[in-house]
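The values are calculated or read from the model by the stated rules, or taken from the named source; none is laboratory data. No experiment lies behind these values; they were computed from the predicted model shown. Note: ideal-geometry Cβ built from the backbone for every residue, glycine included; neighbour counts use all protein chains shown.
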Protein chains: 2
Amino acid sequence: MLKRTHTCGDLRKENVGQKVTLNGWVKNWRDHGGLIFIDLRDRYGVTQIVFNPQTNHENYEKAQALRSEFVIAVSGTVHVRPEGSANPALSTGEIEVAVDQLEILNPSKTTPFEIKDNIDVKEELKLTYRYLDLRRDELQNNLLLRSRLYSVVRNYMHANRFVEIETPVLMKSTPEGARDFLVPSRNYHGRFYALPQSPQTYKQILMVSGFDRYFQIVKCFRDEDLRKDRQPEFTQIDIEMSFVDENDVMSVSENLVKAIYKEIKNTDIDFDFPRMTYEQALMEYGSDKPDTRFDLKIQHFTSVFESGGFKTFARIAQEGGVVAGLKIADDGSYGRAKIDRLNDRVKSQGGPGLAWFRMNSGNLEGPIVKFLGESEKEELKKQANLQDNDLLFLLGGEKEKTLQILGNLRLHLAEQLGLIDENKDTFLWVVDFPMLEYDEDEKRYAARHHPFTSPQPADMDRLESEPASVRARAYDLVINGNEIAGGSIRIHRRDLQQRVFRMLNISDEEAEHKFGFLMGALEYGAPPHGGIAFGFDRLVMMLTGARSIRDVIAFPKTSSALSLMDGAPSTVSDAQLRELGLIAIKKDN
Amino acid sequence: MLKRTHTCGDLRKENVGQKVTLNGWVKNWRDHGGLIFIDLRDRYGVTQIVFNPQTNHENYEKAQALRSEFVIAVSGTVHVRPEGSANPALSTGEIEVAVDQLEILNPSKTTPFEIKDNIDVKEELKLTYRYLDLRRDELQNNLLLRSRLYSVVRNYMHANRFVEIETPVLMKSTPEGARDFLVPSRNYHGRFYALPQSPQTYKQILMVSGFDRYFQIVKCFRDEDLRKDRQPEFTQIDIEMSFVDENDVMSVSENLVKAIYKEIKNTDIDFDFPRMTYEQALMEYGSDKPDTRFDLKIQHFTSVFESGGFKTFARIAQEGGVVAGLKIADDGSYGRAKIDRLNDRVKSQGGPGLAWFRMNSGNLEGPIVKFLGESEKEELKKQANLQDNDLLFLLGGEKEKTLQILGNLRLHLAEQLGLIDENKDTFLWVVDFPMLEYDEDEKRYAARHHPFTSPQPADMDRLESEPASVRARAYDLVINGNEIAGGSIRIHRRDLQQRVFRMLNISDEEAEHKFGFLMGALEYGAPPHGGIAFGFDRLVMMLTGARSIRDVIAFPKTSSALSLMDGAPSTVSDAQLRELGLIAIKKDN
């Protein structure tokens, strides 16, 4: 094999006259004025190579047979490109290589799609031929950035005295929230390992062991029906620290993010990240991850309607609900049809009808204006500070749900109105989360973060009497409206852990069965500790601008958790199942 | 909480007079001359703290209640230790902290074993209380070194333009050799993912995709009955490169090892690693991973006995077997009983009786001397270069097996005779492995490395006619007799891959079913490529001197793959199994 002396991204004017060897893929091929020109591609760049029948006819003949994606080795001499044919878009664009030796290392069949960005090809076909899709610049660049990000993160953590420790992949099944992937044991039939949804219990154990500062970039697993931007296996930056409070964890996290933005985007972030309580985030943005790149805050009008003529809103206000809304300046496009579509959207999310008002030459218009008295109208205009051509959308209902729907509407309106500056990054800590959240499916309260999160000291005496009012020592990092990291200060004493399990309706028996080892560990000198986990895939998406999580993972699965390239999951032999003591009941699917 | 201003390893004479706060664990407690002395421990060191009833009686009283492994916070002033009581073994040994504030952050029950090295405690108990065992200096140091090693390896790889890419944990089951761990699919009942035994196929796919240089430090899994120093999940440094031959991969690997020894052990390795063929390793060391820290090579005497009076050896020689042995200088301890034990050892490994000879005042003695003629005796003495008090052990039999038993005996004798210099490190490449090895269990030839390994060009025409004679483009890195890494140049053309599958008795149909996607990828411009994988756990063992793999892994499993700390694997709910379409057949175990 002719072994390369340079990559396809290396050669410059300074190399002119040198004999070089390149290895790479035929990106394209053209016959031009009796010469064959080929763009030769590798990970590092593209170099133009030229076959001239005058200087070497045999090579020229061989080059006729080359096709896209053939792998070749060529030797030749570096020349300056002729006047006017330099390509400034290429780092090698000033030179070309006149080939005098050609070796075909491997031919290629015609690829099922062209190897270039922004082609219109079915996702399924691209995933089946993932090895070809991965040749595209976009995916190459995403994965190269991802590779750098590992390095930046780890170097920051090591420099800050964090110890990198691997936790087990084969662990105990303790489903809490999401479903575990299970791994049958061959030695103990009827018993199973689980793949970690997170290394939570292990990293707490490491604090009990005195490792003081732990981190790991680690694969985690959830057997869930996949929504957009979820994968059954995903990667997180997992961090835990001893003898700390919220501020310590948040400070390390902030500095990590700053280091990332500096190294990857060459952006200096020279300010502290602002903090917002969960309550404020809900009231003003209808979300626990507000996108603060634009304003458009939710405005509240509950008191305006409390005793007024519009009975629906009045009843909601009297029953403890909220009436709240969003005000936009109509750009002229918000006619009846468009407003109807917004209404449909709200309803599809389980919301009530969307009320709306328009200011027209100082007058308030809209379908429910007729129900309102003069003072109500005036109060509404005043509180909302309505100007001509302003549109005000209102919703009334149960507080959390209503505000969340408004939060979604807020994002949608911002997109419609082009309010989002894609070049701006906003960073935000959301704090003071409630401990509990209501699980609609299971009809019970469950831990919003996880059952090891410490309650806030001020709320400790309401654990039993008023659990829904207890706030957690939890914090989420939100960048541009995406939850990038979440963490908490943990419980480090057994008695408190037991009270919290009870608050979560986890019986003492169940707690002992699932988490007995952790409760035991808390009795042997567990230090105060806390931590955080960053969604690594989402961080890469944010830094690359990728629109799908599949574009930042080398071998992703489909939304039904299939790997189309290799056909996993697949059937296995009866012998394999027998060894595991399992019978598989086939159903049609 | 009193938050630390320093760690327990920080304070020096320069800090004398400062007010400081420390957090840590009570390592030990002693009442001495009316003062209470405590060694306070954290990951970074130990600092002596002192409670004086004169200066603060309340603290002194509280300190009476402290016990080993309590977690505390103390504030106080740094003092020089009194004349003669400095402890030069501690980095903080010149100072102590006179406490004026004490906060008990968490008490500790009496630990089931003392937190110190070299205690005589059952392994099971230590694994059950792993969080306490991990507090020991030895395990802390092993894991801290392991953490540094990740960093050294990754920085080396990134600096050498390798791209770090994560490959899937949920992959296709293609058992070949070892057993896969399986993960049942919830969406497709009767279908399973497998956990990777190695990311072999994916890293080859990444070369097809043009990533050129890939690495990953990655968890791999094998569902095998565990031998000493095996774990069901283990870590490897996985490397693959395009457009390379053996020398390129070996060179990158050698330089990686040199960087590791420099950074971790501050040792300069300024020579190229020697290379040895598999054939030579087998003939001289009876092993594919020779420990070359000592000599004691195997000597061959087949021709000596070919036509001689000792019929057993003569027959073996005539039938193509070997008669070979090891010569040691008897240190006076090799009496009949000791030789009998060596014989038992050989037999327990399936060997025949061990023949032995002793030189006594110029005469050859030993049980089979009587069968030998004079010329045979002279020839033996001459060829073995026997001196007085030399002992020569001989075995005869089928070549590979006999030499392997001698190889084991060689290691045992070297240990008995103290021939191994533990402070010496020897590095060796073993090359020119045969493609095939005979699988005793399955009674068939199988790939020694894996089925994607390329045959050597010179042997290509014997693939079908004489498969057992075909050598692979494979190489193993051996350090001090341990296989630390193994790799090969891969097959990059579909036609050759198909021939090799057939040679391995893998039918076209089976090949297509298991590896169709890879064979497909080879048709779309796969570059020549090769790689290697390092056993990361074994590397850490080597660098720390740990005797068990369990001492370099934070949460290891027992030899029956149990996690004693958390009880994994465990039973799961019927609902979980139902969702997976599985019935578990319990058997008594």
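Overview of values
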quantity	calculated
Sole exception among (1) more than 30 Å from A:Arg345 (Cα to Cα); (2) out of contact with any Lys or Arg (no Cβ under 6 Å at 6 or more places or on another chain); (3) at pLDDT below 95 for A:Ala472, by number	(3)
Residue within the stretch A:256-278 that is within 30 Å of B:Leu134 (Cα to Cα) and either more than 7 Å from chain B (Cβ to nearest Cβ) or assigned to a helix (DSSP H, G or I) (or both) present	yes
Per-region count, the stretch B:384-404, residues within 21 Å of B:Tyr334 (Cβ to Cβ) and out of contact with any helix residue (DSSP H, G or I) (no Cβ under 6 Å at 6 or more places or on another chain)	10
All positions within the stretch B:539-589 that are assigned to a helix (DSSP H, G or I) and among the aromatic types (Phe, Trp, Tyr)	none
Unique residue being more than 9 Å from chain A (Cβ to nearest Cβ) and not charged (D, E, K, R) when the list is B:Gly535, B:Gly581, B:Gly525, B:Gly520	B:Gly535
Some residue of the stretch A:502-511 being part of a loop (DSSP other than H, G, I, E, B) and without any contact (Cβ under 8 Å) to a residue 12 or more places away in the chain	yes
Set A:Val50, A:Val74: member being away from every other protein chain (no Cβ under 11 Å), touching a Ser or Thr at 6+ places or on another chain (Cβ under 9 Å) and not in a helix (DSSP H, G or I)	A:Val74
Single unsatisfied condition, A:Thr571 versus (1) at pLDDT 95 or above; (2) within 11 Å of another protein chain (Cβ to nearest Cβ)	(1)
Test: residue in the stretch B:202-214 that is of a type in the set (Val, Ile, Thr) and either surrounded by fewer than 23 Cβ atoms within 10 Å (Cβ to Cβ) or modelled with pLDDT under 95 (or both)	no
Only listed residue being surrounded by fewer than 24 Cβ atoms within 10 Å (Cβ to Cβ) and more than 9 Å from every other protein chain (Cβ to nearest Cβ), chosen from A:Val163, A:Val218	A:Val218
Criterion violated by A:Pro290 - all others in (1) surrounded by fewer than 22 Cβ atoms within 10 Å (Cβ to Cβ); (2) more than 28 Å from A:Val163 (Cβ to Cβ) satisfied	(1)
Pairs, first closer than 22 Å to B:Lys514 by Cα in the stretch B:450-463, second β-branched (Val, Ile, Thr) and in a loop (DSSP other than H, G, I, E, B), C-beta under 7 Å, six or more apart	B:Pro451/B:Ile506; B:Phe452/B:Ile491; B:Ser454/B:Ile491; B:Pro455/B:Val470; B:Leu463/B:Val470
Residue among B:Asp330, B:Asp340 that alone is farther than 23 Å from B:Thr302 by Cβ, in contact (Cβ under 8 Å) with a residue 40 or more places away in the chain and not hydroxyl-bearing (Ser, Thr, Tyr)	B:Asp330
Pairs with Cβ under 6 Å, 6+ apart, first in the stretch A:155-169 and more than 20 Å from B:His158 (Cα to Cα), second acidic (Asp, Glu)	A:Val169/B:Glu233
Residue match in the stretch A:420-430 (condition: in a helix (DSSP H, G or I) and in contact (Cβ under 8 Å) with a residue 12 or more places away in the chain)	no
Residue that is surrounded by the most Cβ atoms within 10 Å (Cβ to Cβ) [pool: residues in the stretch A:184-199 that are at the interface with another protein chain (Cβ under 7 Å from one of its Cβ atoms) and hydroxyl-bearing (Ser, Thr, Tyr)]	A:Tyr193
Count of residues meeting criterion [within 14 Å of chain B (Cβ to nearest Cβ), polar (S, T, N, Q) and either touching a Lys or Arg at 6+ places or on another chain (Cβ under 6 Å) or in a loop (DSSP other than H, G, I, E, B) (or both)] in the stretch A:1-46	4
Single residue of the stretch A:189-203 satisfying the filter (of a type outside the set (Phe, Trp, Tyr) and touching a Leu at 6+ places or on another chain (Cβ under 8 Å)) that is nearest to B:Asp566 (Cα to Cα)	A:Thr201
The stretch A:62-90 - residue that is of a type in the set (Ser, Thr, Tyr) and at pLDDT 95 or above and, of those, surrounded by the fewest Cβ atoms within 10 Å (Cβ to Cβ)	A:Thr77
Any hit, the stretch B:244-254, residues being in contact with a Pro (Cβ under 9 Å, 6 or more places away or on another chain) and either in contact (Cβ under 8 Å) with a residue 24 or more places away in the chain or surrounded by 23 or more Cβ atoms within 10 Å (Cβ to Cβ) (or both)	yes
Hey, A:Phe271 among the aromatic types (Phe, Trp, Tyr) and touching a Phe, Trp or Tyr at 6+ places or on another chain (Cβ under 8 Å) or not	no
Subset of the stretch B:93-124 (residues that are in contact (Cβ under 8 Å) with a residue 60 or more places away in the chain, within 14 Å of another protein chain (Cβ to nearest Cβ) and among the hydrophobic types (A, V, I, L, M, F, W, C))	B:Leu105, B:Ile115
Top-ranked residue in the stretch B:140-160 [being facing another protein chain (nearest Cβ under 7 Å) and among the hydroxyl-bearing types (Ser, Thr, Tyr); ranked as nearest to A:Ser570 (Cα to Cα)]	B:Tyr150
Which numbered condition B:Tyr475 misses (of (1) part of a loop (DSSP other than H, G, I, E, B); (2) touching a Gly at 6+ places or on another chain (Cβ under 9 Å); (3) crowded, with 21+ Cβ neighbours inside 10 Å)	(1)
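Here is a yes/no grid of residues against (1) more than 32 Å from the chain's Cα centre (by Cα); (2) buried (at least 17 other Cβ atoms within 10 Å of the Cβ); (3) in a loop (DSSP other than H, G, I, E, B):
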| residue | (1), (2), (3) |
| --- | --- |
| B:Thr92 | yes, yes, yes |
| B:Ile104 | yes, no, no |
| B:Ile115 | no, yes, yes |
| B:Lys126 | no, yes, no |
| B:Arg135 | no, yes, yes |
| B:Leu144 | no, no, no |
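Residues checked against (1) surrounded by fewer than 19 Cβ atoms within 10 Å (Cβ to Cβ); (2) under 18 Å from A:Ala317 (Cβ atoms):
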| site | (1), (2) |
| --- | --- |
| A:Phe371 | yes, yes |
| A:Ser375 | yes, yes |
| A:Ala384 | no, yes |
| A:Gln387 | yes, no |
| A:Leu392 | no, yes |
| A:Glu398 | yes, yes |
| A:Lys401 | yes, yes |
| A:Ile405 | no, yes |
| A:Glu415 | yes, no |
